[in-house]
Amino acid sequence: MPTSLFSNNQPFMLAGAQQLDVKDRPYRLFIYQPDGPIPSEGFPVIYALDGNAIFATMVEALRLQSSIPEKTGVTPAVIVGIGYKTEQSHHPQRHEDFTHQPPDQWIQRLKKGASTHSYGGAHTFFSFLEEQIKPMIEARYPINQDRQTLFGHSLGGLFTLSTLFEHPEAFQTYIAGSPSIHWYPSFLLQQEQAFQECLTQQTHQKRLLIGVGELEQDHICQMNHNAQAMKERLSAYAPDRLYVQYIECPREGHSSVLPVLINEAFRFALYPAESKR
């Protein structure tokens, strides 16, 4: 095609979005604020793990749907993608950030499987998220602190569940996509059991959406079975303090489930203030 047809050559930019690199840390934030009037109570916010992989998809889907909330049931929101200083969709650091320290025999088994990743940094990563990222976002953007969502997929879904169990007050809504419940399951179960005891002290209902792809049911890790079993257990604890929904997306696998799950997450977390879906 003749080059004379083009007037310039510039990088494509997402409207309303910017990225910030964290000094002396491997993290990069991707941030989107909707155009238009700011609600008096501020915007709902979604903190999305693995921001490199899903931020752009999330922003464009939200821009389209939230432009007609009366038809979609999805309101505008701020999106904060928490990613890494890389052009790749994922970074090895996520393995450390999203997991708790497993026992030595578990590490030896991982090494036998040729794993070269580090693990066990979930407490440190949560502190970074809670004590540095969230205060910075709340200082720069009009955030409704009563409508905050954490979104994670795979190991990020595991981190999302672990955060709900250990720090239920940190967010109001939790979205766990294809969560790696099989990763050190005994520790996650301990967290879940402790969470059950503290549910009676919660003054506001928490909301949890667990979503998997139909095609994940045949995987050796039993992704779908583990997720559905967790949903059944959690639903029986205290329905007035924890609302749990489980979805299985037809014909979707571990990666392809993400766009579908994002749409489900919007409807689950960004409903109009006067309704609760």
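FYI, it's all coordinate maths here, none of it is from the lab. In this text the structure is predicted, and so the values were computed from the model without any measurement. Heads up, the Cβs are rebuilt from the backbone with ideal geometry, glycines too, and the neighbour counts pull from every protein chain shown.
A few notes on this one:
- Local electrostatic count, Gly120, Cβ distance below 12 Å [Lys/Arg +1, Asp/Glu -1]: -3
- Among Ile143, Thr86, Ser256 the positive-end extreme of the charge dipole of the chain (Cβ point charges): Thr86
- With θ taken as phi - 60° and the Karplus curve 6.51 cos²θ - 1.76 cosθ + 1.60 applied, the whole-hertz 3J(HN,Hα) list for region 22-39 is 7, 4, 6, 9, x, 8, 10, 9, 10, 10, 10, 10, x, 7, x, x, 8, x Hz, x standing for glycine and proline.
- What you get for the chain, charging only the Cβ of Lys and Arg (+1) and of Asp and Glu (-1), is a dipole of about 200 debye around the Cα centre.
- At an R0 of 45 angstrom, the distance between the Cβ atoms of Tyr243 and Leu5 translates into a FRET efficiency of 0.25.
- Gain in span if fully extended, Asp21 to Thr200, counting 0.36 nm per residue against the direct Cα distance: 60.5 nm
- Entry note, the chain: the mean residue ellipticity at 222 nm calculated from DSSP H runs of n ≥ 4, each adding -39500 (n - 2.57), is -10500 deg cm²/dmol after division by the residues and rounding to the nearest 500.
- Taking every DSSP beta bridge that has both ends in region 28-269, the antiparallel portion is near 15%.
- Neighbour-count order for Leu20, Leu188, Leu258, fewest beta carbons within 10 angstrom listed first: Leu20, Leu188, Leu258
- Here's how it looks for Gly81: its modeled amide H is under 5 Å from those of Phe30, Ile31, Tyr32, Ala48, which are all 5 or more places away or on a different chain.
- Cβ-based exposure ranking for Val78, Val260, in which fewest neighbours within 10 Å come first: Val260, Val78
- Tensor-based shape of region 28-269 (alpha-carbon gyration tensor, a/c under 1.5 rounded, otherwise prolate or oblate): rounded
- Thr57-Ala170 pseudo-label distance in nm [points 7 Å out on the Cα-to-Cβ vector]: 2.3
- Charged neighbours of Ala53, selected by a Cβ distance under 15 Å, balance to -1 (K, R count +1; D, E count -1).
- Sparse-neighbourhood loop sites, GluC sites (Glu not before Pro) in region 186-277 - DSSP loop, at most 15 other Cβ within 10 angstrom: Glu274
- Residues Ser66, Ser178 arranged by fewest to most Cβ contacts within 10 Å: Ser66, Ser178
- Charge tally for Leu215 (other residues, Cβ to Cβ under 15 Å; Lys, Arg +1; Asp, Glu -1): -4.
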